[in-house]
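Q: This structure is in structure tokens; I'll ask about it shortly.
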Ligand SMILES: [Zn+2]
């Protein structure tokens, strides 16, 4: 089986919609992966093209309250992508359908980071970087890394494009600051390109995890559509 980087958002957050998984399904995923011994840190999966990495986007308080205790109890490695402006309260929720959900606090993020959670950068503003000029992209990426460093004492381990919006120009600028970068849906992990690690979105009512892990690769169009439609 080839490597996979799974992308989750919320678990049992009460908003419905594809990116809010119910707790029994999520727990079943974790138990399945833990018993198979598949789960590895993101960097290891990106470098080897083997194993499963768990990633979570947007740093909602739901992660600290529901998700992290479940991961911690099973000793599973994970990466959380943090839009720092959302945590600071200077920018609005990364999900328009979850405006009422609070972010993690810096104190929660620091504690989880001390306990082994990898924190990745998800920019400050969570804007579509394709719509911003070069200096704006650079500033957004540099500012997020600085804030994470200042708040946790650690460099962000990796970078994730907001809304999975990438282009050659955006990628060129992101690579100035981050070696490990995850992208949107589908495709095979190429260990020679850690700056373009594809992820698979795991969504409510989506493809069963067992099947998703067994496919040699996942067509792009199978993945993002449900999430994109729901975000609109
Ligand atoms: Zn996001």
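Quick note: the coordinates plus some simple rules give every number you see, no bench work behind them. Fair warning: this is a prediction, and the values are worked out from it, not measured in the lab. Neighbour counts are summed over all protein chains in view; Cβ atoms, including those assigned to glycine, are modelled from backbone coordinates with ideal geometry.
Q: Sorted from fewest to most neighbouring beta carbons within 10 Å, what does the list 45, 202, 82, 66 look like?
A: Fewest-to-most ranking of 45, 202, 82, 66: 66, 202, 45, 82.
Q: Between residue 100 and residue 179, what is the spin-label point distance in nm, taking each point 7 Å from the Cα along the Cα→C-beta axis?
A: For the pair residue 100/residue 179, the computed spacing is 4.5 nm.
Q: Calculated from DSSP H runs of 4 or more alone, at -39500 (n - 2.57) each and per residue, what is the 222 nm mean residue ellipticity of the chain, nearest 500?
A: So the calculated ellipticity at 222 nm is -10500 deg cm²/dmol.
Q: Can you tell me what share of the DSSP beta bridges in the chain is antiparallel? A percent to the nearest 5 is fine.
A: If I count the DSSP bridges inside the chain, around 5 percent turn out antiparallel.
Q: Given R₀ = 35 Å, FRET efficiency for residue 114-residue 193 by Cβ-Cβ distance, to 0.05?
A: 0.65
Q: Further, regarding this structure: If I model a spin label at residue 210 and residue 134 as a point 7 Å from the Cα along the Cα→Cβ vector, what separation in nanometres do I get?
A: The modelled label-to-label distance comes out at 5.2 nm.
Q: Here's something else I'd like to know. Who wins for biggest fluctuation among 135, 57, 31 in a Gaussian network model of the chain, springs between alpha carbons below 10 Å?
A: 135
Q: Next question, about the same structure. Taking the highest mean first, how do the peptides 174-185, 32-43, 154-165 order by number of other beta carbon atoms within 10 angstrom per residue?
A: Those peptides, ordered most packed to least, come out 154-165, 174-185, 32-43.
Q: Between residue 27 and residue 167, what is the FRET efficiency for a Förster distance of 41 Å, r being their Cβ-Cβ separation, to the nearest 0.05?
A: That gives a FRET efficiency of 0.65.
Q: For a footprinting-style exposure proxy, rank 70, 10 by other Cβ within 10 Å, fewest first.
A: Least to most surrounded, the residues fall as 70, 10.
Q: Relative contact order, percent, of the chain when contacts are C-alpha pairs under 8 Å separated by at least 6 residues?
A: The normalised contact order for the chain reaches 22 percent.
Q: What number results when the radius of gyration of the chain, computed over Cα atoms, is divided by 2.2 N^0.38 Å?
A: 0.92
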